[in-house]
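I have a structure here, written as structure tokens, and I will follow up with some questions on it.
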Amino acid sequence: MKRHIQSNIKQLVGAYKDGIINPQNVIDYSLDDAAKLKILNAFVRLCPEAAFHQAKESTFRYQNKQEKSYLDGVPIAVKDNFCTKDIHTTCASKMLQDFIPPYNATVCEKLFNSGAILVGKTNLDQFGMGSGTVDSIFGPTKNIWSEDLTSNMWRIAGGSSGGSATAVAAGIVFGALGSDTGGSTRNPASYCGVIGYKPSYGLLSRHGLIPLVNSMDVPGIITRTVNDCSLILNAVAGPCKYDSTTVKKEFNPFILEDEISVSGIKIGIPEEYNCEGLSEDVKETWIKIADLLENEGAIVKKVSLPHTEASIFVYSILNQCEVSSNMARYDGIEYGHRAEDESSTEQLYAKSRAEGFNTVVKTRILAGNYFLLRRNYEKYFLKALKVRRLIADDFKKVFNNENGVDVLLTPTTLSDAPLYTDFIKSSNRDQCAVQDYCTQPANMSGIPAINVPIRLSSRGLPIGLQLMSDNFNDQFLLTIAKWIESQVNFDCLENNQIYAART
Ligand code: GLN
């Protein structure tokens, strides 16, 4: 039987409706593929029993023409920092390795209510702190495009949602939730050759997404096509009574036209993104797509976002301040790993944290507390907040002044996926400073951004570009992304050797 998993969500659901295939077959394929591709380490946990049960129910619904939605029976994956009721949610950390949430994150609840089937929870850097999916108690995730997965010549999947991006790129699921605080959805999407979308802050609920930096975190969506991305978005977006930062207005589902014209659309090329360390391959790709847009009638022009370079420093300070406050909940008593120490409450806290957190988390807690000391608060935290405002204002101006643009086109990452052995030579902080250069500013200002895979580098690895637009202009952003997608015709599964070898 033809592998319908290779299609898109609309085609899959069409095949369900026509009785060509049913959700039980597809879930069998998904779980089978996940097992065969264990070497990638995309999943920290598979959920076969629940998935088989849901697939059976979904199959029954299709037989009776009672499907719940256009996502009924669609296999999905969820990053392991979203709470899933009765299913372990570990944040890839020892601290939460035994944590079983009693409720679903709102976005998960909405997906499950729409009939989507959870195949498994995916790997990440502990608590989402990283850009490689290399700092997990379950070990690193390997990039499916690696030249060689068995020797040490394999490449990182990017992060911190590397497990989700890999599960999608490998054709195991149609879509996956990631989280995006500084680029964690877009970065792995770029390295794995898939769509990675960071919605406007406030469009999706953060309730049940274990917080990293509350003022920047958003649930992200990873898929193989822009249409699939918007279908998932339509199922999960909207106000949530448990998250006061969601916009109160009812969400109007996005409809992406099939016939799109970019004629007259204003595209900005921010000069600050042409930065040190940008590879020739990425630069060429960037120019190629800018030219393509211009040839089709778009107005492409250079713009300036002058505070871009400050972004990495500001992000780092604010991130660590919020991390130090967020991590205080893990004391071994209310939550998380409890050390064996009964000498005093303080000792129990200290030992539980010493054992439960990795060095990256501990370093951020310490740095955050330092920045928040009374004598440092104004010098670091307040100053960083002010510069954050300047970064947000850069975007506001570039989108809203008289000569404003509609969309910004930039690289997502500075190069294609690095080799694991090269990547881990630098510290987590240095990795983030390089990896997140193009992605962090969007989180600082809350604007939507998306990675669109474009082509393969000279080494045969995916290169993606990033589009950003003004706050809550998400539908427009996805429309332009869809246009680019239709022009470049990058099919992740067709290009992918490992996938091809399996089919
Ligand atoms: N790399 C960044 C960090 O470690 C971003 C992570 C993310 O977006 N979750 O903080």
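FYI, it's all coordinate maths here, none of it is from the lab. Since the structure is predicted, the reported quantities are computational estimates derived from the model, not experimental observations. FYI the Cβ positions are ideal-geometry reconstructions off the backbone, even for glycines, and counts take in every protein chain you see.
Given a Förster distance of 41 angstrom, what is the FRET efficiency for R389 paired with N152, based on the Cβ-Cβ distance and rounded to 0.05? Intermediate values should be presented prior to the final figure.
Values: r = 44 Å, r/R0 = 1.08.
It comes to 0.40.
Which whole-angstrom value gives the distance between the alpha carbon centres of the range 172-205 and the range 33-64?
21 Å
Then there is this: How do L124, L456 line up, fewest other C-beta atoms within 10 Å first?
L456, L124
Roughly how many nanometres apart are two label points built 7 Å out from the Cα toward the Cβ at N403 and I255?
3.7 nm
What size of dipole, in debye to the nearest 20, comes out for the range 1-91 about its Cα centre when the only charges are +1 on Lys and Arg C-beta atoms and -1 on Asp and Glu C-beta atoms?
200 debye
7 Å from Cα along Cα→Cβ at both E355 and K396: what's the point-to-point distance in nm?
4.9 nm
In debye, nearest 20: dipole of the range 391-503 around its Cα centre with unit charges on the Cβ of K, R (+) and D, E (-)?
320 debye
Among S458, C492, C321, flag the residue with its Cα farthest along the positive direction of the charge dipole of the chain, charges on Cβ as +1 for Lys/Arg and -1 for Asp/Glu.
Towards the positive end, the residue furthest out is C321.
Quick one: which residues, 5 or more positions from C240 or on another chain, have an amide H under 5 Å from its amide H? H modelled 1.01 Å from N in the peptide plane, none for Pro or chain starts.
Those lying under 5 Å, H to H, from C240 are T246.
Now for a different question. Could you tell me the center-to-center distance, by alpha carbons, between the range 359-437 and the range 324-344 in angstrom?
A separation of 29 Å, based on Cα centres.
Could you please rank M129, M327, M153, M444, placing first whichever residue has the fewest other Cβ atoms within 10 Å of its Cβ?
The order, fewest Cβ neighbours first, is M153, M327, M444, M129.
If you place +1 on the Cβ of every Lys and Arg and -1 on the Cβ of every Asp and Glu, how big does the dipole about the Cα centre of the chain come out, in debye to the nearest 20? Present the calculation step by step, with values, prior to reporting the outcome.
Values: 51 positive and 56 negative charges, 139 e Å.
Magnitude of the dipole: close to 660 debye.
R338: net charge of surrounding residues, Cβ under 15 Å, Lys/Arg +1, Asp/Glu -1, itself excluded?
Net of charged neighbours comes to -4.
To the nearest 500 deg cm²/dmol, what mean residue ellipticity at 222 nm is calculated for the chain from DSSP H runs of n ≥ 4 alone, each contributing -39,500 (n - 2.57), summed and divided by the residues? All intermediate terms of the calculation are to be shown ahead of the outcome.
Details: 18 runs with 191 residues, N = 503.
Mean residue ellipticity at 222 nm (helix-derived): -11500 deg cm²/dmol.
Please work out the C-alpha center-to-center distance from the range 271-318 to the range 81-122 and express it in whole Å.
With the range 271-318 and the range 81-122 each reduced to a Cα centre, they are spaced 36 Å.
Count charges around A50 for me, please; just the other residues with Cβ under 15 Å from its Cβ, Lys/Arg as +1, Asp/Glu as -1. Can you show the working numbers first?
Details: positive: R45, K56, K85, K121; negative: D28, E49, E57, D86, E109.
Net of charged neighbours comes to -1.
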